[in-house]
Amino acid sequence: MLRAFAETTGQTAKEASAFQSPLCSLAVALLALLLTALLSAVPSKALADNGGNDPGASAELTATTQTFDPLHDPDYADSDLTPARPASFGFGLLSLDNDQQLVLDTIRQAVTTYNQVTFTVEGERQTRYGVKVKDFGMTVEDLNPILQQLWDDPELFYFPSTITFLSSGDEVWFLAYDYLFESTDQIDQARAQVEENAAQALTWVADNMSPVQKVQAMHDYLVRTCAYGDPDATHSHTAYGALVQRTPVCQGYALAYKLLLSRLGIGCVFVISDEMVHGWNLVQLDGVWYHVDVTWDDPLMGSSAENAQDQGFDAEVSHRYFLKSDAAFQNQLEHYGWVSDVEAPQDYEVYDYPVFNGPADPCWNGHSYGQWSQTAAPTCLAAGSKERTCQTCGKVQAQDVGALGHSWEDLPTVDVEPTCTEAGEKSVHCTRCSERKDMAPVPLAEHSYGQWSQTAAPTCLTAGSKERTCQTCGRVQTQDVGALGHAWASEATVDVEPTYDAEGSRSVHCTRCEAVKDVRSISALAKTDLGKCSVRISTTSYTYNGATRKPTVSVKLNGQTLSSDCYTVTYASGRKLVGTYAVTVTAKSGNVPVCGSAKLTFTIVPRTTYVTSLSAAKAGFTARWSKRVSQTSGYQIQYRMKGSSSTKTITVSGTSTTAKKVTKLRAKKRYYVKVRTYKTVSGKRYYSSWSSNKSVATK
């Protein structure tokens, strides 16, 4: 349930609220319609002194007090009192541009630091909590989405939904408001209580919980610790009403839930239904959004008995409205009329709800043991032991390890190696201890020759020889090594490299001697036409300064930069005045990789100018700029309205005119203006770069 109230100058309308269930929706709608009809806004004249920040700059302002309520009767949304809100209001999904973000930061800073402003209303000087917004040039309509960001922030539970706007025409100069607490000391105390109780709530969460378990733990905490409260109570619509007073309505449940999940880094936004006069949450898990209605999961909400009471901390927590899809909420769970920028396409997968009813045991879902550590090693005949430690709570678990028994090898091991003169011995060993069985002799070994040693190296055409010696008895064995024959390379070798003006040669070489075969010539290298190369000049556009321009040239062939020795560069004459000029690159003859020529061009454009002043006029402005004479034929002025991407350009012929009045624009709008020069050469216009933007607000 959300609050709806309005305060006018000198008048206060009683807060209107109601709880809507399937049994009382009609009564709630009639009550909301009756109470919202009482809302009004009464303008009065005020003289602003800018809070002392701008002495002497006073203006007659209009003071209007309005209530921006995130949940209201549809007729109330269409009234003059409350501007219609965007469809995404209340979801924390509104995106602000840089200007809006600056205003939001300024107002948030004023709200959290208890800033005050001073102004005079009908001859009476007043000082109230508020913030100066004159410098931002915004209307009430402009400020509406920014203020909605504050009302959707559960941390600002002390910020009211009733705001007094002090405006000059449509432009708001000041915001003034009264906090929901009587003093800033009470606010500071309340903020500390919220922090303390939020920290207590988060003790129900353990680090090793999954995201869905954390989401359920905070849902169950609010259901167990809160009882549905009085909609007319000052704080029942806030996170303070849930976390401190423990008697929230639906808005208080939802904002407190959003605050707790934000502390856990889990996406959670506030969603409302004007038709139901009710609000709940959308929660994001693994990139998917789900509906959660903590209010309707409170045990009281399942009772239709008169004077039903909250069933208390130990009541069984309902999860009927927990992690559901759009379709389930609308078709089975009696929710309707919400507007959302996101979709909840599916119910959360089947989930066995654990019981959360207090601070989480770090090993609530089982111990997180580390690896087993051996404390006594088992042997073939004696038992051992091992232990492991829970990495969360430190519990040590011990376990016996039985004796291993002998582990006999599959094959016998030679214990004494035989030689070519003496027999050896072998047996089957245990792989873990020194025991052995099945001892048997090992026959005499073959001669234990060492490596072959070359005594005469073979060549491609002649044989060689080698010998080796027994390491035991010293017997020498000799053997011939046949001639190797030529070992021709698999590919030909380039013996003489070809150039761009001479042939080369290649042949197949023997890898062991100097013999060659298959000698063949290699054609001279082919040249590439400069037109197929990457030919660039250092600059393609210069700004006129009276000096002769000469850009440098670079040529790349297959990604490699060629030496300037490979070509010559010829420049067109002149190259001082505004216009287009040619640069011709011609290949040299001889041993160079290119041929032919290439032609490039560059331009010289006139000097730019700049806006010297902008003067506001009725539905227009006058622009003045710096005069340019040399190599200039005239000017162009370009302007656009703030918030629009559409531009308009005006051409001024001649150089003597340095001012232009632009009319038939929209009044009281900010326009951005820039200028540039141009020069006409042989029927073609050459433009300078645009100046930087300057802005002016029309009258």
Completion exercise
Taking every C-alpha to C-alpha distance in the range 590-657 and binning by 5 Å from 0, the per-bin percentages run 3, 10, 17, 17, 13, 9, 6, 4, 4, 5, 5, 4, 2, 1, 0
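Taking all protein chains together and a probe of 1.4 Å, list 171, 196 from the most accessible to the least accessible. Don't skip to the answer; put the middle values down first.
Details: 171 65, 196 125 Å².
From most accessible down to least: 196, 171.
Shape of the range 330-462 from its Cα gyration tensor (a ≥ b ≥ c, root eigenvalues): rounded if a/c is under 1.5, otherwise prolate when a/b > b/c, or oblate? Don't skip to the answer; put the middle values down first.
Numbers: a/c = 4.95, a/b = 2.10, b/c = 2.36.
It is oblate, given that a/c is not under 1.5 and a/b is not larger than b/c.
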Exercise for the section: Would you check the accessible area of residue 486, probe 1.4 Å, heavy atoms only, in square angstrom rounded to 10? Expected result: 80
Exercise for the section: Keeping all protein chains in position, work out how much accessible area residue 246 exposes to a 1.4 Å probe, and write it in Å² to the nearest 10. Expected result: 60
Completion exercise
Whole-Å distance linking the alpha carbon centroid of the range 156-174 with that of the range 666-699 is 37
Practice task
Rounded to whole Hz and in sequence order, give me ³J(HN,Hα) for the range 456-467 from the Karplus expression 6.51 cos²θ - 1.76 cosθ + 1.60, θ = phi - 60°, writing x for Gly and Pro.
Solution key: 8, 6, x, 10, 4, 10, 10, 7, x, 8, 8, 8
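Residues of the range 607-699: accessible area per residue at 1.4 Å, in Å²? Please list the in-between numbers first.
Details: 5150 Å² over 93 residues.
Heavy-atom SASA per residue in the range 607-699 reads 55 Å².
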Completion exercise
Taking alpha-carbon centroids only, the range 413-431 lies from the range 204-239 a number of Å equal to 78
Completion exercise
Given unit charges at Cβ for Lys, Arg (+) and Asp, Glu (-), the dipole magnitude of the range 141-298 about its Cα centre in debye, nearest 20, is 660
Handout entry: For the range 545-595, accessible area per residue (1.4 Å probe, heavy atoms of protein chains only), Å²
Key = 53
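With a cut-off of 8 Å between alpha carbons and a minimum separation of six or more residues, what is the relative contact order of the range 519-632 in percent? Mind showing how you got there, number by number?
Details: 198 pairs, mean separation 29.0, N = 114.
So the answer I get is 25 percent.
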Fill in the blank from the handout: Heavy-atom accessible area with a 1.4 angstrom probe orders 173, 488, most exposed first, as 488, 173
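Given an 8 Å cut-off on Cα distances and at least 6 residues of separation, report the relative contact order of the range 452-600 as a percent.
Numbers: 288 pairs, mean separation 22.9, N = 149.
This gives 15 percent for the range 452-600.
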Completion exercise
If amide H atoms are modeled at 1.01 Å from N in the peptide plane, then the residues at a separation of 5 or more from residue 172, or on another chain, having amide H under 5 Å from its own are 138, 139, 140
Practice task
Please work out how much length the chain gains when fully extended from residue 445 to residue 421, using 0.36 nm per residue of separation minus the C-alpha to C-alpha distance, in nm with one decimal.
Solution key: 7.9 nm
Completion exercise
Taking alpha-carbon centroids only, the range 435-506 lies from the range 262-300 a number of Å equal to 82
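May I ask you to rank 556, 324 by accessible area, largest first, using a 1.4 Å probe over the protein chains only? If you can, show how the numbers build up before the last one.
Working: 556 95, 324 45 Å².
Of 556, 324, the descending order of accessible area is 556, 324.
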Problem - With all protein chains modelled, accessible area of residue 557 [1.4 Å, Å²] - result: 30
Fill in the blank from the handout: In vacuo Debye sum over C-alpha of the range 204-248, base-10 log of normalised intensity I(q)/I(0) at q = 0.24 Å⁻¹, listed in q order, is -0.76
Problem - Among the listed pairs 588/679; 668/694; 214/386, those beyond 27 Å (Cα-Cα) - result: 588/679; 214/386
Fill in the blank from the handout: Note on the range 151-283: C-alpha Rg/Rh, Kirkwood Rh, two decimals, gives 1.03
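The values are calculated or read from the model by the stated rules, or taken from the named source; none is laboratory data. Predicted model only: the values in this text are computed from it and were never measured. Positions of Cβ are generated from backbone atoms using ideal geometry, with glycine treated the same way; all protein chains shown enter the neighbour counts. Side chains included, ligands, DNA and RNA excluded: accessible areas come from the protein's heavy atoms. Shrake-Rupley method; radii C 1.70, N 1.55, O 1.52, S 1.80 Å.
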